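First the structure, in the form of C-alpha cells, and then the observations on it.
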Amino acid sequence: MKRSLAISGIAHVVVLGWGLVAFAARPNDAPQAEPLPVEFVSATEFSQLTAGVKNAPKVLDDAKPLADKVGDPKPVKQLAPKVADKPEITTDSAAHESKPESKPEKSEKQKDAKAKPDQIADALKKDEAKKPPKPEKKPPEFKPDQIAEQLKRDEAKKPPSKFDANQVAALLDHRDPQRQLATAETLNGSVNLGAQGGHAAQLSQSELDALRAKLISLWNPPPAVSSNPDQYIVTVHIRLTRDHRLDGQPEVLSNGEGPLFEATRGSAVRAVLQAQPYDMLSQSTYDLWKDITLTFNPREVFGG
Amino acid sequence: MVDRRILLMPQMPSCRPTKFLHLSRRGVLSLGSAALAGLIVDPRRAAAAVNLDITQANVQPMPIAIPDFLGGTPGDNETAQGVSQIITANLKRSGLFAPIDPAAFLEKIANVDAVPRFPDWRTINAQALATGRVTRQSDGRLKAEFRLWDVLAGQQLAGQQYFTTPDNWRRIAHIISDAIYERLTGEKGYFDSRVVFIDETGPPEHRIKRLAIMDQDGANVRYLTRGDELVLTPRFSPSTQEITYMAYGQGDPRVYLLNIETGQREIVGNFPGMSFAPRFSPDGQRVVMSLQEGSNSNIFVMDLRSKAMTRLTETPAIDTSPSYSPDGARLCFESDRGGHPQIYVMAASGGSAQRISFGEGSYSTPVWSPRGDYIAFTRQAEGKFAIGVMKPDGSGERILTEGFHNEGPTFAPNGRVIMFFRDPGGTAGPSLFTIDVGGRNEQRIATPSFASDPAWSPLLS
C-alpha cells in the first residue's frame with residue numbers, strides 16, 4: 001500500500017512537473033528594436049519657449065522711437081517764393097474764382113493776404129494766428145519722449161518679468177541625473193536606453209548619412225553586375241584610426257569567383273580607400289566607428 | 001600568331017624591416033593572456049561595429065592613366081607610342097573608361113619593371129595605371145609587355161608579355177586593351193575583333209557595293225569583292241575565318257561562303273528561286289537561311305559538311321532573318337504570319353514558334369546576343385526606324401536609338417555593344433555607329449566611304 005502510494009505520488013509529481021515545463025507560456029519575444037533617444041516637449045512648453053515677451057528689458061532699452069522722422073514738421077518757407085512769382089489779383093471776385101483748388105491751403109492764405117482785405121479773410125487770419133504755423137493736413141506732431149516716458153511709467157506699475165531670455169541657463173535643471181548604469185567592472189560606453197541587448201547607442205543619423213553619401217559617390221561597380229546583382233554583393237570590414245584613416249587594408253568578407261566578382265570586389269575596396277579621411281565621423285563617438293562593416297549591394301544601382 | 005606570357009609583379013620596396021621576436025616563457029604567457037583577452041573583448045567590439053548597406057553608386061567612366069609605352073630601343077619608340085595610343089582610344093570609345101590627359105601626369109615612367117610612385121598618380125585622380133614597353137627582338141619578332149596597376153591599393157592587377165611579328169603591332173594593342181578591359185570590368189573585351197560590312201561608293205542611282213572588312217576601330221580596311229555584283233547581309237562564322245553573304249550576280253540572289261584568308265568562294269546549295277538572309281550556327285557547322293517558295297519564304301538549315309538541307313518552317317508567310325541563340329538550341333526569326341512582320345522564337349529543330357514582339361509597328365532583323373541575354377532588332381513605326389533590344393521572352397523591350405533610318409544591328413563579341421548603320425536620307429549615304437546595350441555612348445565608326453550592313457566577328461584570340 002505504501003509502496004503503491006509512493007509510486008503514485010512520484011508519478012504525479014513527475015507528470016505535474018513535466019506539465020509545468022512543457023505547457024509553460026513562453027514569452028513572446030518580439031525582436032527588440034533599437035531605441036532612438038527622444039525628448040518630449042508638450043505643446044504648451046513649446047509655445048512658452050518660442051513666445052516673445054513684450055516687456056523684455058533689453059529690447060526696451062535698445063528701442064528707439066520709430067516715429068521720429070514721420071513727425072518732423074516741414075518748413076513752410078519753401079512754398080512762399082513760388083506763390084510770390086504769380087501776378088497780383090486786383091478784384092475780390094476774380095481772386096476767389098481764379099484760386100486753384102489743388103493749391104495748398106497755405107498758398108491760398110498768402111494770396112489772400114496780398115488781396116484786398118475782406119471780412120472772411122480777416123476772420124481766417126485771426127483763426128490762423130491762434131493755430132501753430134503748420135499745415136492742417138500734416139500728421140500730428142509725434143513726441144517719442146512722451147511715449148517712452150509713458151511706457152516706463154507702465155513698466156514701473158507692472159510686476160517684474162517672469163521670463164528673461166538672457167537667463168535661460170538659470171532655468172535649466174541642475175539636479176544630478178538619477179539614472180544608474182548597470183554595475184560591472186568597467187562602465188559600458190554605450191547608453192542603454194531600455195534595450196535588452198545593451199548596444200543601443202549609435203552614430204547620429206547625420207554621420208551615417210554623410211558616410212553613406214561619401215561611399216555612394218565613390219563606388220563605381222562594373223556595369224556587367226546588372227544582369228545578376230545578387231551574386232556580386234561585397235561585404236568589406238574596415239578598422240579606423242582616431243585620425244579618420246584606415247587602420248590596415250580593408251578586409252573583404254565575401255567570397256566569390258570569376259573576373260566579374262574580382263572587378264566588383266576591386267570597386268568596393270577602391271571606394272573604401274578613396275573615402276579617406278573619414279572626417280564626417282566625430283571624435284566623441286570613436287568607439288562606435290572604429291570598426292565598420294560595409295555591404296556593397298548593386299541590386300538597385302542599375303535600376304534593379 | 002601571338003604568344004603570351006604572364007609578367008609577375010616587380011619586387012615592392014619593403015616598407016618595414018622584418019622583426020624577429022624573441023619569445024621568453026613570460027612573453028608567451030603574456031601573449032596567451034592577450035589573446036584570451038582578445039577573445040573576450042571581441043564580441044563586444046563586434047556589437048559596437050557599425051553596419052552600413054551601400055545600395056546606390058556613382059557609375060561613371062573609370063579614370064585611367066596610360067603613359068606612352070617605352071621603346072626597348074630608340075627605333076621602337078614610334079611603335080610603342082602607337083600601341084599606347086590605340087589602347088587609349090579603345091578604352092575611351094568603350095565608354096567605361098576616361099583616359100587622363102598625359103599633360104597632367106606627374107611621374108614620367110622610365111622603367112616598366114619598377115613600381116610606380118602611386119601618390120603621384122593618386123594626386124591626378126587616376127584609379128588605374130597601364131605601363132608598357134615594346135621591343136624588337138634579335139629574331140625580328142616584336143615583344144610587347146604591359147602592367148596594369150591599381151593606383152589606390154598600390155598593387156599590380158595584371159601583367160603580360162606578347163611576342164608577334166612586327167606587322168601585328170595593332171593587334172597587340174587590341175589584345176592589351178582587352179586584357180585591361182577584362183581585369184577592370186570583369187567582362188571579356190571586344191577590341192581584338194573585326195567587322196565585315198558593305199562599302200558603298202558612287203551616286204545613289206549607281207551605287208557600287210563591295211564586301212569589306214576592317215578592325216573594329218575602323219583601321220585596316222580590306223575589300224573582299226570587286227563591286228561587279230550587289231552584295232548584302234554578310235555574316236561572320238563564329239569559329240572560322242569565313243563569311244556568308246547574299247549576292248545578286250546573274251539570275252537569282254544566292255547565298256555564298258567566302259574564306260577571308262584564302263579568298264575562296266563557294267555557293268551554298270543550288271536551289272530554285274532566291275536564297276537569302278544566311279547566318280551561321282554557333283558551332284559554325286551549319287548555315288540557316290530563307291528560301292523563296294512562290295510568294296512566301298521559309299527557313300531552312302544546311303549542314304555544311306553533308307550539304308543536307310532541313311526545313312524548319314512551313315507557313316504561307318514570309319519567314320526570314322533567322323538567328324541562333326548562343327547555345328544553338330533556339331532560333332529567333334522574323335515572320336509576317338500575324339499580318340505585320342514580328343519576331344518569333346522557336347526550337348532550333350523547328351516546330352511551333354512563339355511570338356515575342358507585341359509593340360506598335362513592324363519588327364525585323366532580329367539577332368541574338370552572344371551572351372544570350374538580349375535579342376536586338378529593327379523596329380519600324382510611324383515612319384521611323386529604331387534599333388532596340390528585348391529579352392528572349394519578349395520582356396524588357398527598350399529602344400536604343402531612333403531616326404529616319406537605322407537598321408541592321410550586330411553584337412560585339414561580349415554582347416555589350418551593338419553596331420548598326422544609319423542612313424540620314426537625301427543624297428548622303430549610310431554610315432556605321434556603335435551604341436551600348438543600355439542606349440548610351442553612341443559613336444560613329446569612321447569608314448573610307450559610305451558603309452552599311454555591319455557584322456561583328458568573334459574575338460580573334
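Evaluation of residue B:95 against the conditions (1) within 30 Å of residue A:240 (Cβ to Cβ); (2) surrounded by 17 or more Cβ atoms within 10 Å (Cβ to Cβ); (3) at pLDDT 90 or above shows that the sole unmet condition is (1). In this structure, does residue A:199 turn out to be surrounded by 13 or more Cβ atoms within 10 Å (Cβ to Cβ), at pLDDT below 80, outside the structural domain of residue A:294 (by TED's automatic domain parsing) and not in a helix (DSSP H, G or I)? For residue A:199, the condition - surrounded by 13 or more Cβ atoms within 10 Å (Cβ to Cβ), at pLDDT below 80, outside the structural domain of residue A:294 (by TED's automatic domain parsing) and not in a helix (DSSP H, G or I) - is met. Out of B:144, B:98, B:173, B:153, one residue alone is within 14 Å of another protein chain (Cβ to nearest Cβ) and closer than 27 Å to residue B:216 by Cβ. It is B:98.
Restricting attention to segment A:262-284 and to residues that are more than 7 Å from every other protein chain (Cβ to nearest Cβ) and over 38 Å from the mean Cα position of the chain (by Cα), the residue that is surrounded by the most Cβ atoms within 10 Å (Cβ to Cβ) turns out to be A:267.
Could you tell me whether residue A:230 is in a helix (DSSP H, G or I) and more than 23 Å from residue A:207 (Cα to Cα)?
Here the answer is yes, as residue A:230 does meet what is asked.
The number of residues in segment A:285-302 being part of a loop (DSSP other than H, G, I, E, B), of a type outside the set (A, V, I, L, M, F, W, C) and either within 7 Å of chain B (Cβ to nearest Cβ) or without any contact (Cβ under 8 Å) to a residue 40 or more places away in the chain (or both) comes to 1. Is at least one residue of segment B:63-86 within 14 Å of another protein chain (Cβ to nearest Cβ) and either among the β-branched types (Val, Ile, Thr) or touching a residue at least 24 places away in the same chain (Cβ under 8 Å) (or both)? Yes, the conditions are met somewhere in segment B:63-86. No other residue among A:259, A:229 is within 11 Å of chain B (Cβ to nearest Cβ), surrounded by fewer than 21 Cβ atoms within 10 Å (Cβ to Cβ) and in contact with a Pro (Cβ under 7 Å, 6 or more places away or on another chain) apart from A:229.
In segment B:292-305, the condition of being within 23 Å of residue B:338 (Cα to Cα), more than 30 Å from the chain's Cα centre (by Cα) and of a type in the set (A, V, I, L, M) is met by no residue. Is it the case, given these coordinates, that residue B:450 is without any contact (Cβ under 8 Å) to a residue 60 or more places away in the chain, on the phi < 0 side of the Ramachandran plot and crowded, with 17+ Cβ neighbours inside 10 Å? Considered against the rule, which asks whether it is without any contact (Cβ under 8 Å) to a residue 60 or more places away in the chain, on the phi < 0 side of the Ramachandran plot and crowded, with 17+ Cβ neighbours inside 10 Å, residue B:450 comes out as no.
Answer with yes or no whether residue B:387 is under 21 Å from residue B:335 (Cα atoms), among the hydrophobic types (A, V, I, L, M, F, W, C), in the same structural domain as residue B:431 (by TED's automatic domain parsing) and buried (at least 22 other Cβ atoms within 10 Å of the Cβ). Against the criterion (under 21 Å from residue B:335 (Cα atoms), among the hydrophobic types (A, V, I, L, M, F, W, C), in the same structural domain as residue B:431 (by TED's automatic domain parsing) and buried (at least 22 other Cβ atoms within 10 Å of the Cβ)), residue B:387 qualifies. For segment B:179-202, the set of residues classified as away from chain A (no Cβ under 12 Å) and either in contact (Cβ under 8 Å) with a residue 60 or more places away in the chain or closer than 17 Å to residue B:2 by Cα (or both) consists of B:190, B:191, B:192, B:193, B:194, B:195, B:196, B:197, B:198, B:199, B:200, B:201, listed by residue number. Residues in segment B:104-160 that are assigned to a strand (DSSP E or B) and among the polar types (S, T, N, Q): B:131, B:135, B:155, B:156, B:160. The listed residues are B:458, B:409, B:392, and the only one of them that is under 21 Å from residue B:212 (Cα atoms) and outside any strand (DSSP E or B) turns out to be B:458.
Yes or no, residue by residue, for (1) assigned to a helix (DSSP H, G or I); (2) under 16 Å from the mean Cα position of the chain (by Cα); (3) of a type in the set (Phe, Trp, Tyr):
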{"position": "B:178", "(1), (2), (3)": "yes, yes, no"}
{"position": "B:183", "(1), (2), (3)": "yes, yes, no"}
{"position": "B:192", "(1), (2), (3)": "no, yes, no"}
{"position": "B:196", "(1), (2), (3)": "no, yes, no"}
{"position": "B:212", "(1), (2), (3)": "no, no, no"}
{"position": "B:246", "(1), (2), (3)": "no, no, no"}
{"position": "B:256", "(1), (2), (3)": "no, no, yes"}
{"position": "B:262", "(1), (2), (3)": "no, no, no"}
{"position": "B:273", "(1), (2), (3)": "no, no, no"}
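Inside segment B:214-244, residues that are over 23 Å from the mean Cα position of the chain (by Cα) and in contact (Cβ under 8 Å) with a residue 12 or more places away in the chain make up a count of 6. When the test is whether a residue is in contact (Cβ under 8 Å) with a residue 12 or more places away in the chain and farther than 30 Å from residue A:227 by Cα, residue B:275 passes it. Filtered by the rule that a residue be within 9 Å of chain B (Cβ to nearest Cβ) and either modelled with pLDDT of 90 or more or out of contact with any Leu (no Cβ under 6 Å at 6 or more places or on another chain) (or both), segment A:214-226 gives A:215, A:216, A:217, A:218, A:219, A:220, A:221, A:222, A:223, A:225, A:226. Return a yes/no flag: does segment B:94-111 have any residue that is over 16 Å from residue B:184 (Cβ atoms) and β-branched (Val, Ile, Thr). Checked against the condition, which is being over 16 Å from residue B:184 (Cβ atoms) and β-branched (Val, Ile, Thr), segment B:94-111 yields at least one hit.
Which residue is farthest from the other protein chains (Cβ to nearest Cβ), if the candidates are limited to segment B:101-123 and must be within 30 Å of residue B:435 (Cβ to Cβ) and under 30 Å from the mean Cα position of the chain (by Cα)?
B:102
Scanning segment B:117-150 for residues that are in contact with an Asp or Glu (Cβ under 6 Å, 6 or more places away or on another chain) and free of Cβ contacts under 8 Å to residues at least 60 places away in the same chain yields B:117, B:120.
The values are calculated or read from the model by the stated rules, or taken from the named source; none is laboratory data. Computed from a predicted structure; not experimentally measured. In this analysis, Cβ positions are derived from the backbone assuming ideal geometry, glycine residues included, and neighbour counts consider all displayed protein chains.
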